[in-house]
1. Sort out which residues of segment 50-66 are surrounded by 14 or more Cβ atoms within 10 Å (Cβ to Cβ), in contact with an Asp or Glu (Cβ under 8 Å, 6 or more places away or on another chain) and without any contact (Cβ under 8 Å) to a residue 40 or more places away in the chain, and write them in order of number.
2. Of the numbered conditions (1) over 25 Å from P13 (Cβ atoms); (2) part of a helix (DSSP H, G or I); (3) in contact (Cβ under 8 Å) with a residue 40 or more places away in the chain, A248 fails exactly one; give the number of that condition.
3. Is it fair to say G36 is at positive phi, open to solvent by 10 Å² or more (accessible area, probe 1.4 Å) and more than 14 Å from the chain's Cα centre (by Cα)?
4. If A105 satisfies all but one of (1) more than 30 Å from L226 (Cβ to Cβ); (2) under 17 Å from the mean Cα position of the chain (by Cα), what's the number of the condition it fails?
5. L6: farther than 23 Å from L189 by Cβ, modelled with pLDDT of 80 or more, open to solvent by 10 Å² or more (accessible area, probe 1.4 Å) and touching a helix residue (DSSP H, G or I) at 6+ places or on another chain (Cβ under 6 Å), yes or no?
6. How about segment 9-33: which of its residues are modelled with pLDDT of 90 or more, open to solvent by 10 Å² or more (accessible area, probe 1.4 Å) and under 18 Å from A208 (Cα atoms)?
7. Could you check, for segment 151-160, whether at least one of its residues is assigned to a loop (DSSP other than H, G, I, E, B), over 15 Å from the mean Cα position of the chain (by Cα) and among the charged types (D, E, K, R)?
8. Evaluate segment 230-242: report whether one residue or more is of a type in the set (A, V, I, L, M), more than 26 Å from I97 (Cα to Cα) and out of contact with any Phe, Trp or Tyr (no Cβ under 7 Å at 6 or more places or on another chain).
Amino acid sequence: MNWGALDWGILGPALVAGLLVLATHVPLGTQVLDRGIVFIDLAIAQIAGLGVIAADALGMPEGGVAVQVAAVTAALLGALLLTWTERRAPRQQEALIGVMFILAACAGILMLAGNPHGGEHLKDLLVGQILWVGTTQLLWLAGVSALLVAAMALGWVRRLGRFGFYAAFALAVTASVQLVGVYLVFSSLIIPALGTRAHHGPRRYVVAYVLGAVGYALGLALSALLDLPSGAVIVWTLAACSLAGALAARPAGMAFEAR
């Protein structure tokens with residue numbers, strides 16, 4: 001192990017990015033599980049990524065305001081479409097979400113087909129570049145996260161009904177997917193929420209935040225020590241921490257019966 005790789009100058013901003021992602025993804029993830037539309041995050045993340053790819057194809061500066069506008073616009077259009085499909089075909093909503101994900105993914109591949117760096121762009125979209133997050137990106141993510149957390153806490157999102165949920169989801173995912181990638185967006189939403197299903201109310205959110213924070217911190221440390229891709233390692237540590245949390249929360253009688 002390379003203990004010298006534990007550089008706070010690199011790992012610190014990455015951990016802050018992870019904690020900011022969890023700030024919005026934990027409450028949204030519990031709602032996703034309750035609604036039974038688990039793959040919505042993958043679809044919205046892919047649609048937001050498609051907006052980034054489209055902006056890049058049009059020659060817009062990488063990471064600029066125009067790219068962010070393109071990503072947010074694409075995600076909100078996806079949110080509008082999902083609002084409409086949920087109203088018109090609620091029983092098929094999960095299947096339609098899956099179709100949207102596939103269409104957006106394939107559209108991105110087609111847009112990158114003539115780009116010599118297309119494979120690299122696609123990899124960045126999926127696994128992210130959390131170790132190379134900059135101050136500007138953190139400030140952007142912090143601003144969006146604070147706005148969304150306030151909107152959810154004050155009930156603004158709930159008052160807007162279906163579209164409020166999908167719009168909040170679109171903004172949260174757009175802000176995070178360019179930093180941590182599609183895989184970590186999905187993991188941050190679903191894995192802590194799954195690991196805390198035995199809890200209820202505010203306690204569930206607190207436990208989910210703790211599990212997620214430990215998962216990110218442990219994953220970043222292990223990826224640095226073992227020189228492995230950070231995103232992939234964090235996904236596994238999130239899963240391990242959430243599994244441990246779920247097992248610890250099981251009633252003693254159930255644990256005994258399981259033996």
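1. The answer is none; no residue qualifies.
2. It is condition (3) that A248 fails.
3. Here the answer is yes, as G36 does meet what is asked.
4. For A105, the exception is condition (1).
5. Judged against the criteria, L6 is a match.
6. Within segment 9-33, L15, V16, L19, L20, A23, P27 qualify.
7. Within segment 151-160, the subset assigned to a loop (DSSP other than H, G, I, E, B) is 154-155, 160.
Adding the requirement that they be over 15 Å from the mean Cα position of the chain (by Cα) leaves 154-155, 160.
Narrowing further to those that are among the charged types (D, E, K, R): none.
Scanning segment 151-160, I find no residue that is assigned to a loop (DSSP other than H, G, I, E, B), over 15 Å from the mean Cα position of the chain (by Cα) and among the charged types (D, E, K, R), so the answer is no.
8. yes
The values are calculated or read from the model by the stated rules, or taken from the named source; none is laboratory data. It should be emphasised that the depicted structure is a prediction, and the values quoted were computed from it without experimental measurement. Neighbour counts run over all protein chains shown; Cβ positions are idealised from the backbone, glycine included. To get the accessible areas, we keep the full protein, side chains included, count just its heavy atoms, and leave off ligands, DNA and RNA. Shrake-Rupley method; radii C 1.70, N 1.55, O 1.52, S 1.80 Å.
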